[in-house]
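I have placed the structure first, in the form of structure tokens, so that the comments after it can refer back to it.
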Amino acid sequence: MNLRTDTARTLAFELLFMGFAATGIAFADPNFPNVNQTPIGAEKGANQNGVIPEWTGGLTEPPKGYTEGGYHVDPYKDDQINFTISAKNLNDHAAKLTGIQKALLTKYPEEFVINVFPTRRSCAYPEFIYEATAKNAKNAKVIDQGYGFSGASAGFPFPQPKSAFEVLFNHETSYFGLRYSAKISGGTMNPDGTFTRTVRRDRRLAFYHQPDYSSPELDNRYFVWRAEWTEPPLAKGQAFSATNTINQVKQPRFGFMWNPDTQRVFTAPSSSYEYTAPMMTSQGMRISDDMFLFNGAPDQYDWKLVGKKEIYIPYNSYAATDPTLKLGDLLRPRFLNPEHIRYELHRVWVIEGKLKPGKSHKFAKRTIYFDEDSWIAVATDLFDQNNTLTHGQFGFIKNYYEHPTCIQDFDVLYELDSGRYNVDNLKLEFGPANLSDPDVTSRSFGSGALRRSGSR
């Protein structure tokens with residue numbers, strides 16, 4: 001398949017498009033989507049007390065004051081805090097909190113708080129995602145012992161999931177635009193306030209979401225990804241280009257790396273994509289499968305679909321990327337500044353993975369929470385071999401309403417014992433990602449692209 005031609009077709013295409021129980025398991029409906037579900041499979045109606053409102057289509061147009069290509073205007077800036085959860089009232093709200101939330105409230109009782117705002121079901125997607133999801137609901141099936149799927153493309157493959165594998169595949173196929181580019185920052189914050197800042201340029205070209213692809217044409221590919229670092233100094237000039245695969249057991253992620261010292265491209269060793277491989281520039285905090293809260297093959301764990309529940313999660317995270325903020329306003333010692341973090345009550349899908357006998361991993365158990373309106377992973381609780389909660393993550397959702405699409409705009413990983421945290425994909429300093437960058441083409445990826453860029 002000629003991706004240059006495909007990219008041209010995609011450009012043309014885009015011009016045309018300017019009742020579950022609290023812990024219940026979804027059932028397959030041959031008439032999906034039905035009147036009770038959104039086009040991607042969420043419960044359309046409000047919850048019992050109305051705190052979670054009915055989904056009415058999400059946010060599909062930019063608010064007043066937004067300039068194309070600029071920072072996102074907060075459409076909910078006038079919302080007031082409903083209440084604040086602290087160590088003092090933790091027990092009153094514990095049923096609607098994740099493990100890492102309760103741990104942070106307990107560890108920092110005088111400082112860490114959760115500010116709860118009105119719930120805004122803002123998530124929306126382009127019409128072609130909805131249409132593809134409806135087709136996938138009838139045709140998609142899990143194959144290869146749960147490690148892959150067939151019969152789906154473009155949309156979410158399993159809007160009515162019956163297994164943890166199906167929930168994971170929905171998360172991994174979350175739509176982030178067809179040609180993504182962003183300059184992002186992040187780094188590791190130590191408890192004493194010292195911060196190692198990272199800066200890189202990311203590009204992604206979607207395969208799975210190409211509207212005119214069929215499942216066989218995907219050739220086991222989600223997307224191709226390229227990253228180039230400019231900070232810190234030790235990482236300056238390092239870059240990689242990698243293909244993320246659907247069935248990572250059958251075909252692990254593969255790609256190339258650029259070494260600025262030798263001025264050479266080399267094939268990335270398979271170990272660089274394994275579960276336990278350390279991520280560059282994270283000071284040992286990150287490993288390769290915790291990107292996007294989970295980005296690994298599923299074969300290391302025995303997975304269980306726990307069901308659905310209501311929890312307080314970061315949402316509509318416009319305040320955390322307000323252009324009036326400085327990096328130090330958001331990144332404080334021990335945890336992100338609660339003044340700029342908006343939490344809302346939402347329904348989430350919950351899955352649990354326990355490490356298989358004979359397998360080795362830093363985390364022996366993982367509990368992952370997925371927003372029902374986007375299938376994006378919004379929180380994880382991570383446990384060691386003694387079943388002790390040692391780490392946890394949050395993914396921060398924001399609707400790029402000019403598109404529209406909801407993406408995980410940035411994330412944070414907390415390490416409880418050390419008091420450190422690592423933040424990644426932060427857009428605060430450089431503005432939001434471009435989800436439809438025409439300069440992102442097939443020539444942007446692969447060994448040739450790394451060589452051309454690195455030799456300049």
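Values for this structure:
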item: Residues being in contact with a helix residue (DSSP H, G or I) (Cβ under 9 Å, 6 or more places away or on another chain), within 30 Å of residue 321 (Cβ to Cβ) and not in a loop (DSSP other than H, G, I, E, B) - total across region 370-389; result: 8
item: Any hit, region 146-159, residues being more than 30 Å from residue 235 (Cβ to Cβ), in a loop (DSSP other than H, G, I, E, B), in contact with a strand residue (DSSP E or B) (Cβ under 7 Å, 6 or more places away or on another chain) and modelled with pLDDT under 95; result: yes
item: Matching entry among 131, 54 (being under 30 Å from residue 303 (Cα atoms), modelled with pLDDT of 95 or more and among the acidic types (Asp, Glu)); result: 131
item: Search result, residues across region 399-442 that are outside any loop (DSSP other than H, G, I, E, B), more than 17 Å from residue 323 (Cα to Cα) and not polar (S, T, N, Q); result: 406, 407, 411, 412, 413, 414, 415, 420, 421, 423, 424
item: Residue satisfying condition, being under 19 Å from residue 99 (Cα atoms), more than 12 Å from the chain's Cα centre (by Cα) and at pLDDT 95 or above, within set 380, 367, 405; result: 367
item: Odd one out for residue 77, checked against (1) at pLDDT 95 or above; (2) among the charged types (D, E, K, R); (3) crowded, with 16+ Cβ neighbours inside 10 Å; result: (3)
item: Test for residue 222: is it modelled with pLDDT under 90 and out of contact with any helix residue (DSSP H, G or I) (no Cβ under 6 Å at 6 or more places or on another chain); result: no
item: Members of region 323-341 that are of a type in the set (D, E, K, R) and either in contact with a Ser or Thr (Cβ under 8 Å, 6 or more places away or on another chain) or in a helix (DSSP H, G or I) (or both); result: 329, 339
item: Residue list for region 342-360, filter: buried (at least 21 other Cβ atoms within 10 Å of the Cβ) and assigned to a loop (DSSP other than H, G, I, E, B); result: 342
item: Meets criteria (closer than 21 Å to residue 325 by Cβ and surrounded by fewer than 20 Cβ atoms within 10 Å (Cβ to Cβ)) for residue 151; result: no
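The values are calculated or read from the model by the stated rules, or taken from the named source; none is laboratory data. Since the structure is predicted, the reported quantities are computational estimates derived from the model, not experimental observations. Please note: Cβ atoms are built from the backbone with ideal geometry, for glycine as well, and neighbour counts cover all protein chains shown.
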